Amino acid sequence: MTNPNVSQILTTTLDNYKASITDNVINNHPLLVKMQEKGNIIKESGGASFQEKLSYASNGTVQFQGEYDTFDTTVQDVLTSAEFSQKILTGTVTMSGKEMKQNAGAERIVPLLKNKMKVLEASLKNQLGSSIYADGTGSGGNEIGGLQSLVADDPTTGTVGGINRASYSFWQNKLYDFSVETVTPSATTIQSAMNTLYIRCQVQSGELPDLIAADATYFGYYEDSLQTIQRITDGKLGQLGFAVVKYKGADVFYDPEAPSAHMYFINSDHIFLKYLGDSLFETGETTRPVNQDVYVTPLVFTGNMTIDNARVHGVMIA
């Protein structure tokens, strides 16, 4: 007969395993690794959406003045907020009644369950890795808003975080479009293009891109443009097995999930992955449907990617 404590065994095993899943998912994606290093994978305590406070204007009361001049006390409206919806990513592990009978006892159930978790973990890695670059319209609008939304190919259109980019230039990321610049992308032109976009992203003192994600084409152009004495970095991303080279102070890496002919310039101080719950992936309650001889345990991510400054990020396209 099946183990009468199967629900407890399944839930406990998944709870113990979810921290490993979180680490493996994060360490499989350089952008998430960098965000974690900066403390920008953030647990939120609650709320119906994720709020980001934005500074969009200078304080006009700053002035030089004479000894007896009065302070400028003009009320300043320099702050606003962006509001990002919370998206849900789920996956389930199932154990059939037949499997339970074949593996009676916790000492046999747990190894089988761990093997199933490895498959789920790989699927979560692939889905989240793809969604990092999503535009938020996938799965009927239920997918997270990744880089194609936050750092858009056309930064003058669309609404992000409830703010219309067409109406507010402070909410527009930077762009280098080879077709507009009338330059053909190649190994001989890529560094000049990167120099231009890098400077465009320096709209605020001390704010510099520190992570550059590229598809195979643009990463290949940049790698081919380097002198032979330049090498893969020996930082954390290199230790995790990613092909990483340097550009100024930024790590440049190839990501197979990046959209074709794209290179993203990211300032990791101003991009976040926020989530609800005690951990990135929460274990749901194990249930047994009334019409099936199976046990089902869900793993759930509730969160989204957000930014609090659009102008310091950029994208290169053809």
Among all the lysines, which ones have a C-alpha under 18 Å from K274's C-alpha, if same-chain residues fewer than 8 places away are not counted? K18, K34, K38, K43, K53, K87, K125
Span per principal axis, largest first, for the Cα atoms of the stretch 145-202 (Å): 40, 20, 19
Residue-averaged [θ]222 nm for the chain, counting only DSSP H segments that reach four residues, each worth -39500 (n - 2.57): -9000 deg cm²/dmol
Around N28, which amide H atoms from residues at least 5 apart in sequence, or from another chain, sit under 5 Å from its own amide H, with H modelled in the peptide plane? none
On a 0 to 90 degree scale, rounded to 10, what angle separates helix 106-131 from the longest Cα axis of the chain? 20
With θ set to phi - 60° and the Karplus curve 6.51 cos²θ - 1.76 cosθ + 1.60, what are the ³J(HN,Hα) couplings of the stretch 138-144 in order, to the nearest whole Hz, using x for Gly and Pro? x, 6, x, x, 8, 6, 5
Which three lengths, in whole Å and largest first, does the stretch 16-122 cover when its Cα atoms are put on their principal axes? 88, 27, 19
Taking only Cα atoms of the stretch 51-210, the Rg to Rh ratio with Kirkwood Rh works out at 1.20
In angstroms, what radius of gyration and Dmax does the stretch 115-219 have, counting Cα atoms only? 16.9, 52
What does the extension gain come out to for E83 and A48, with contour length at 0.36 nm per residue minus their alpha carbon separation? 11.6 nm
In the chain, if the dipole is taken from +1 on Lys/Arg beta carbons and -1 on Asp/Glu beta carbons about the Cα centre, which of G47, Q86, P256 is farthest to the positive end? P256
Taking every DSSP bridge whose two residues both lie in the chain, the antiparallel percent to the nearest 5 is 75
Can you give the convex hull volume per residue for the Cα atoms of the stretch 248-294, as a whole number of Å³? 182
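Laboratory data are not the source of any read-out in this text; all were calculated from the coordinates shown. These numbers were taken from a predicted model, which means no experiment stands behind them. Glycine also receives a Cβ, built like all others from the backbone with ideal geometry; neighbour counts cover every protein chain displayed.
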